[in-house]
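Single-structure report; data block below.
The values are calculated or read from the model by the stated rules, or taken from the named source; none is laboratory data. Keep in mind that what you see is a predicted model, and the values were worked out from it rather than measured. No Cβ is skipped: glycine too gets one built from the backbone with ideal geometry, and neighbour counts run over all protein chains shown. Calculation scope for accessible area: heavy atoms of the full protein, side chains included, ligands and nucleic acids excluded. Shrake-Rupley method; radii C 1.70, N 1.55, O 1.52, S 1.80 Å.
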Amino acid sequence: MSDVVLGGLEAFRIRFAGRPVLLCLGILAVLLLIRRGTASSRIVRDWSTLATVVISVTALVALIAYPSVAVWYASHPHFFDNAEPVMPIVGWLFHVGKPVYPAIDAAERYAHIYGPFAFIAHGWALGLLGPTILVSKALGAFAGLASLVFTYLLARRHVEQSVAVVLAGLCALLLLLFRHYSFWTRPEPLQLLAVSASLYFASMSSGYLGAVFSGAAAGVLWNLKITGPMYTLPVFALLYSRRGWKALVLAAAFAVGVASFPFAYYDNVSWPQYLAWLRLSGSTGLLLSTLRQNLEWAIYLCVPLVLSYYAVPQSARSRSPAWRNVLAALVLGVTGVVIAASKPGAGPYHLIPFLPIIVFIVAWHLERRSPRATGDLHVAPVSLAFVITAVFIADAQEAQFLTTMRQRDQLRESDDITQFADAHAGVVAVGYGSTESLSLQRPVLAFRYNTYLLDQPAIREHQLQGLDLPAATTRAISECRVNYWLIPRGEDPFSGRNSYSAVLLRPLFPDEFRRVFEQAHSIVGTTTYYDVWQCHGLPDR
Amino acid sequence: MNEQHDVIRRGLGAIWWILFPCFVLLVIRLSSERTCSDPYDLLPALASNPLWGWPIAIVYVASHLWLIGVYLLTASCSDSLAPSRARFRNLWQTDYMKILLMLIAFVVEYLPVTLWRLLGTALHCVR
């Protein structure tokens, strides 16, 4: 793709990727003008057929594009986002018996507020297949792709194969709107898989077994993030409506059991520490600009529900109590997540786990559609506007993603780090300069030494919550807990600044920490990508 | 319109009396922020305090839900994805004015930030 096209897509992304409703309305206005302008000439005779063809083709392309991008990302050892490396690192630390949630005043600064399963899943995969970045990324891609299969099976509950394929394709297109968030190493792919599996089992017709499996999958979802229960509201509404309160209680009991299992079973997963970090995170309040963005995204993602409802004649529309309950639960869940995801650092991607549920309800609406009976005439142009909007935003997001990853894949930091570690005795760690991209390969060393002291994204969050680096961390630096720090070449060690607006540009590492670091370390050489800072301890006073 | 729709319609009409004044106040405050302060970090002192942030978010989201509810109810009663203005007027009768006032508040809230910044520059209040 030429630089001009890429530049145009990036400009479009910055301007419109966060405004899907606005963009959709603009495109709809253009389509309506075209329809009015061509009404007499009859260039487009049947907007409904046009919409069906465009949606089907787009869905099929998305169904090829999504797995391709997911597998491509999983097969490259570089990360896109600076918050991804911590997932495999903490997963591995869990595997070797280190705490998933260190104490608030502990020297190790890597605690995040994700639930234990978000890390344990990586720990299990890395323990089984070996500690590499590729294994961790493969887990995310597998979960994303498996959720798409479940989404197809969910659609099949109500519609025939061809329509289910198109609906799964539309789900893939909507997932691509969120760049790589549905197959990265953070909890979203696991959430997607858990919610689609939970709904799939809830919609089974067999006895109480479906409720048991649905509850177990819901338990994973509850555990992954504190907002988990909101995603399961529609699932439980379906269970209750179709199988009664006994199935609901059974599922809820299994969900509680599975959600609490890691805290009860593993010594290195501490419930009090997890709660302490959660409480701290709850003190940050909300960002109103993010709230508006979340709302816009929620409205946009729910448009297919309205469109599919009016796509069939009135006599064929769902009106059962089960349908009403599931829909009401979905609205409640989406509303809750829209507000909860307005915390600094969160955003519309928290809505991703609702996509399989939306597809399921859309399929439900289309269950009794007939090629002979037509629905509302306005459905075709609005559907076209919806899909065109999704295509534009997904293209812009993926262009940025692929361009960045291509640039990253030209680097060989991993080899550089490994070569240095092979040649030196003692603990080596990747540190931070003023930028972060050259620090993304830090799992390589955490896997090797089973230790991890500083996670900059975690420190950024902690600072937002009003928590400074404790004395124990500075002491660990001065006492040479790490013998060699690899700092991106030419950058001042630990000179990053916070990007959250409430603490904008505040140094992430306090002056005292940096002073101690510079007193206890000196540059002893360079590698291709890093300055090597060796620890010799604090000078005697 | 069946009885259930009528109950929802009357409910939305009643909720408006609580929601609209709060939403208008919020829109005025947000607009002044967009005009004179950081348009991307709105009401930071209030929003960053959970005690204020959550109620503000609830009012903001509830207002959106109110308008969506009005649309969905009208669409359902008129069996059309795009009900006409006459249909809105017929269905909501005296409450139609409430919808118009809420719509005006929404138009103000969704005006482009650029316009607010231009206004801020003209008023010499941009901080």
Practice item. Among the candidates A:Pro234, A:Pro229, single out the residue that is part of a helix (DSSP H, G or I), under 25 Å from the mean Cα position of the chain (by Cα), at negative phi and free of Cβ contacts under 8 Å to residues at least 12 places away in the same chain. Key: A:Pro229
Review point. Listed residues B:Tyr110, B:Tyr60; which is at pLDDT 95 or above, among the hydroxyl-bearing types (Ser, Thr, Tyr) and within 26 Å of A:Gln293 (Cβ to Cβ)?
Key: B:Tyr60
Practice item. For A:Leu332, indicate whether it is open to solvent by 10 Å² or more (accessible area, probe 1.4 Å), within 13 Å of another protein chain (Cβ to nearest Cβ) and touching a Leu at 6+ places or on another chain (Cβ under 7 Å). Key: yes
Practice item. Return the residue satisfying two criteria in turn: it lies in region A:304-321 and is buried (at least 16 other Cβ atoms within 10 Å of the Cβ) and in contact (Cβ under 8 Å) with a residue 60 or more places away in the chain, and of such residues it is nearest to the other protein chains (Cβ to nearest Cβ). Key: A:Tyr310
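Here's a check for you: in region B:113-127, which residue that is assigned to a loop (DSSP other than H, G, I, E, B) and touching a residue at least 60 places away in the same chain (Cβ under 8 Å) is nearest to the other protein chains (Cβ to nearest Cβ)?
Going through the qualifying residues, I end up with B:Arg127.
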**Study point:** Hits in region A:489-519 - residues which are touching a strand residue (DSSP E or B) at 6+ places or on another chain (Cβ under 6 Å), within 20 Å of A:Leu440 (Cβ to Cβ) and not charged (D, E, K, R)
**Key:** A:Pro493
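Yes or no, residue by residue, for (1) of a type outside the set (A, V, I, L, M); (2) modelled with pLDDT of 95 or more; (3) surrounded by fewer than 17 Cβ atoms within 10 Å (Cβ to Cβ):
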{"residue": "A:Ala328", "(1), (2), (3)": "no, yes, yes"}
{"residue": "A:Val337", "(1), (2), (3)": "no, yes, no"}
{"residue": "A:Ile357", "(1), (2), (3)": "no, yes, no"}
{"residue": "A:Pro371", "(1), (2), (3)": "yes, no, yes"}
{"residue": "A:Asp376", "(1), (2), (3)": "yes, no, no"}
Check your understanding: Within region A:106-119, is even one residue within 20 Å of the chain's Cα centre (by Cα), outside any helix (DSSP H, G or I), of a type in the set (A, V, I, L, M, F, W, C) and under 25 Å from A:Gln465 (Cα atoms)?
Key -> yes
Practice item. Tell me the helices (runs of 4 or more DSSP H) entirely within region A:404-506 that contain at least 2 residues that are open to solvent by 30 Å² or more (accessible area, probe 1.4 Å) and either free of Cβ contacts under 8 Å to residues at least 60 places away in the same chain or of a type in the set (A, V, I, L, M, F, W, C) (or both). Key: A:413-423, A:443-449
Point to revise | Residue in region A:121-137 that is among the basic types (Lys, Arg) and buried (at least 22 other Cβ atoms within 10 Å of the Cβ) present | key: yes
Check your understanding: Which of the residues spanning region A:70-82 are open to solvent by 10 Å² or more (accessible area, probe 1.4 Å) and more than 20 Å from A:Asp415 (Cβ to Cβ)?
Key -> A:Val71, A:Trp72, A:Asp81, A:Asn82
Check your understanding: Checking A:Val21 against (1) open to solvent by 60 Å² or more (accessible area, probe 1.4 Å); (2) β-branched (Val, Ile, Thr); (3) within 23 Å of the chain's Cα centre (by Cα), which test does it fail?
Key -> (1)
**Study point:** Pair list, Cβ under 7 Å, 6 or more apart: region A:286-303 residue at the interface with another protein chain (Cβ under 7 Å from one of its Cβ atoms), other residue polar (S, T, N, Q) and buried (at least 24 other Cβ atoms within 10 Å of the Cβ)
**Key:** A:Leu286/A:Ser342; A:Leu287/A:Ser342; A:Leu291/A:Ser342
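Restrict the check to region A:55-63 and report whether at least one residue is open to solvent by less than 40 Å² (accessible area, probe 1.4 Å), over 16 Å from A:Leu176 (Cα atoms) and in contact (Cβ under 8 Å) with a residue 12 or more places away in the chain.
Checked against the condition, which is being open to solvent by less than 40 Å² (accessible area, probe 1.4 Å), over 16 Å from A:Leu176 (Cα atoms) and in contact (Cβ under 8 Å) with a residue 12 or more places away in the chain, region A:55-63 yields at least one hit.
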Point to revise | Residues of region A:84-106 satisfying the condition of being open to solvent by 10 Å² or more (accessible area, probe 1.4 Å) and touching a residue at least 60 places away in the same chain (Cβ under 8 Å) | key: A:Trp92, A:Phe94, A:Val96, A:Gly97, A:Lys98, A:Pro99, A:Ala103, A:Ile104, A:Asp105, A:Ala106
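Against the condition open to solvent by less than 50 Å² (accessible area, probe 1.4 Å), in contact (Cβ under 8 Å) with a residue 60 or more places away in the chain and not acidic (Asp, Glu), how does A:Leu248 come out, does it pass?
no
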Point to revise | Selection status of A:Tyr529, closer than 24 Å to A:Trp92 by Cα, in contact with a helix residue (DSSP H, G or I) (Cβ under 6 Å, 6 or more places away or on another chain) and not charged (D, E, K, R) | key: no
Check your understanding: Which condition does A:Leu154 not pass, out of (1) surrounded by fewer than 24 Cβ atoms within 10 Å (Cβ to Cβ); (2) more than 27 Å from A:Arg460 (Cα to Cα), if it passes all the others?
Key -> (1)
Revision key, fill the gap. When region A:132-176 is checked residue by residue, the ones that are outside any helix (DSSP H, G or I) and not acidic (Asp, Glu) are A:Thr132, A:Arg157, A:His158, A:Val159
Practice item. Select from region A:177-196 the residues that are out of contact with any Leu (no Cβ under 7 Å at 6 or more places or on another chain), in a helix (DSSP H, G or I) and open to solvent by 10 Å² or more (accessible area, probe 1.4 Å) and list them in ascending order. Key: A:Leu193
Practice item. Starting from region A:109-138, keep only residues that are of a type in the set (Lys, Arg), then list their pairs with residues that are modelled with pLDDT under 95 and outside any helix (DSSP H, G or I) whose Cβ atoms are within a distance under 9 Å, requiring at least 6 positions of separation or different chains. Key: A:Lys137/A:His76; A:Lys137/A:Pro77
